[in-house]
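The block underneath contains the structure these notes are about, expressed in structure tokens.
The values are calculated or read from the model by the stated rules, or taken from the named source; none is laboratory data. Quick caveat: nothing in here was measured; it's all calculated off a predicted structure. Because the Cβ atoms are built from the backbone with ideal geometry, glycine has one as well, and the counts that use them run over all protein chains shown.
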Amino acid sequence: VPGGVDIVGGSAATAGQFPYQVALLHSGSLFCGGVLINANTVLTAAHCSVDYSASSVQVRAGSLKYASGGTLVSVSKIVVHPDYDEDTIDNDIALWKLATAIPTSSTIGYATLPAQGSDPAAGVSTTVSGWGLTSESGSTLPTSLRYVSVPVVSRTTCRSDYGTSAITNNMFCAAASGKDSCSGDSGGPITITSTGVLAGTVSWGQGCAEAGYPGVYERIGNYVDYINAN
């Protein structure tokens, strides 16, 4: 089920810790996260983007709170990957072009994209951030940004959990007991903890930190050429 990331078992972020994290808002309400990759572009999930027109959404950058602070900008265009599949959630990426450029500051920065073809190795620590629910039974979003570090799970292991066909080579998995992303974090960043390089975006998963089910993330290494061309 496409969901957001809800950060389960995480910690509160500090100002500027995730300068590329943005909030995607519709009528002032958070519905997904995103990643600022340059002054004019946000990378997020396609499943966060297909139901909205550019004129109906806004992006907030540079704030730990999705509802206030930082810089709020309009969106001029939403580009969903042409091969996005709503049934399999494959190619779950979209690029949002901003109506106003967002310069860097003490709390705003651009994510570092990985090399084309890069694939996070099993066991490597990754860090995911967002404003998602902090438990599966919860209904309120945390007001301040949170993050959690989780190790990458091999695609083989993840396929044994979800089924072979469910996990494509455009996806990778990460999980640790009691730690995960949940609803509200979708589209947000997951980075390699040691380097800060972007590894993926939150895509989908079975529940939040549900036993035996890792979170599933879009493998951005497969899309760097596409991103740079768009």
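Annotations for the structure displayed:
Quick grid of which residues meet (1) under 20 Å from Asp92 (Cβ atoms); (2) crowded, with 19+ Cβ neighbours inside 10 Å:
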{"position": "Thr44", "(1), (2)": "yes, yes"}
{"position": "His47", "(1), (2)": "yes, yes"}
{"position": "Val50", "(1), (2)": "yes, no"}
{"position": "Lys65", "(1), (2)": "no, no"}
{"position": "Gly69", "(1), (2)": "no, no"}
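- Ala101 being farther than 19 Å from Val148 by Cα and touching an Asp or Glu at 6+ places or on another chain (Cβ under 7 Å): no
- Single match in Val42, Val75, Val79 (criterion: part of a strand (DSSP E or B), in the same structural domain as Pro103 (by TED's automatic domain parsing) and in contact with a Gly (Cβ under 8 Å, 6 or more places away or on another chain)): Val42
- Residue satisfying all of: in segment 177-198; part of a loop (DSSP other than H, G, I, E, B) and modelled with pLDDT of 85 or more; surrounded by the most Cβ atoms within 10 Å (Cβ to Cβ) among these: Gly188
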